[in-house]
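Notes follow once the structure below has been shown.
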Amino acid sequence: MITANYIKNEYIRRMPSAFCPGCGDGQILNAIARAIDHLKLPRNEIAAVSGIGCSAWIPSPYLRVDSLHTTHGRPIAFATGLKVANPKLKVLVVSGDGDCTGIGGNHLLHAARSNVGITVIMVNNGVYAMTGGQVAPTTEHEYKTVTTPYGNPAFALNVSEVVAAAGASYVARWTTWHMNQLIRSIEKGLTKKGFSFIEVISQCPTYEGRILNMDHIQMLHWFRDKFKTDEKGVFRIGEFVDIEKPELTDELQKIIEKVRK
Ligand code: SF4
């Protein structure tokens, strides 16, 4: 039987937690560990890459696989290089919404377009959490943050829809309330041939929660009530894309073989 202790001992490095109490990042670490365990993937066949932000700490240092903790917004670029150099590797990126769509938005688009076979888990808490809760590309319209005290005048980017339109093989969105669905999506993403993207709406009780006057439990209940499979726009959850199409490193290999002939 898979117990919490087994997951902790097998997949998680024992060190003090950098996450605030009640942060969704610990749940996402747990979901990744369980997905790897369900798939029985050898840990030496997985590499995790992260950029800068609270969620960058999920794989590095906590997940017990080889990891690269890179620069702000660049984990997908590093991950693409890793995958091209060693196509057999399962390459997992964990990136926050600011890292992935603000600073790193261009890399995200082109990774989806080229369908490189990496899995990106984007942790979306709607703010730049690690730097103090500033407005992000994913902040909802009229939401208050430390830099939009009268409400966000702009609108949240629907990241999953953008990635789907850019050409990814697999796209899903869940919240930290939907743990079983999230684990199954990570399993699918890790076994998918092409680019897989999993958006996880996650609670930041320290900044978002403080402004909304909610603790982490109230935030989870809020996710349960607000995000539905039959909702529209940024509140819709579920699997949006699950298709088979040529993957970048396979296409590169074909070119290499053609040139060698
Ligand atoms: S600031 Fe927010 S996102 Fe960062 S660790 Fe604390 S609760 Fe989590």
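Where a number appears in this text, it was derived from the coordinates with a stated rule and is not lab data. In this text the structure is predicted, and so the values were computed from the model without any measurement. Methodologically, a virtual Cβ is constructed for each residue, glycine included, from the backbone with ideal geometry; neighbour enumeration extends over all protein chains shown.
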**Study point:** Set LYS193/LYS228; LYS192/LYS254; LYS88/LYS228; LYS188/LYS261 screened for pairs whose C-alpha atoms are more than 30 Å apart
**Key:** LYS88/LYS228; LYS188/LYS261
**Study point:** Other-chain or far-sequence residues with amide H under 5 Å of VAL49's (modelled H)
**Key:** LEU68, LEU92, VAL93, VAL94
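Would you work out if the range 18-260 is rounded, prolate or oblate? Take a ≥ b ≥ c from the square roots of the eigenvalues of the alpha-carbon gyration tensor; rounded if a/c is under 1.5, else prolate when a/b is larger than b/c, oblate otherwise. All intermediate terms of the calculation are to be shown ahead of the outcome.
Details: a/c = 1.74, a/b = 1.62, b/c = 1.08.
The shape class here is prolate.
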Check your understanding: Any idea which of HIS216, GLY189, TRP177 is furthest toward the positive side of the dipole for the chain, if Lys and Arg beta-carbons carry +1 and Asp and Glu beta-carbons -1?
Key -> GLY189
Check your understanding: How high is the relative contact order of the range 18-260, given as a whole-number percent (alpha carbon pairs under 8 Å, six or more residues apart)?
Key -> 19 percent
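Taking the beta-carbon count within 10 Å as an exposure proxy, list TRP177, TRP222 from fewest neighbours to most.
Listed from fewest to most nearby Cβ atoms, that is TRP222, TRP177.
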Point to revise | Candidates SER95, SER50, SER114: whichever shows maximal mean-square fluctuation once the chain is modelled as a Gaussian network with Cα springs under 10 Å | key: SER114
**Study point:** Net length gained if the chain between LYS261 and LYS245 were fully extended (0.36 nm per residue, minus Cα distance)
**Key:** 3.2 nm
Revision key, fill the gap. Summing -39500 (n - 2.57) over every DSSP H run of at least 4 residues in the chain and dividing by its residue count gives a helix-only mean residue ellipticity at 222 nm, to the nearest 500 deg cm²/dmol, of -10500 deg cm²/dmol
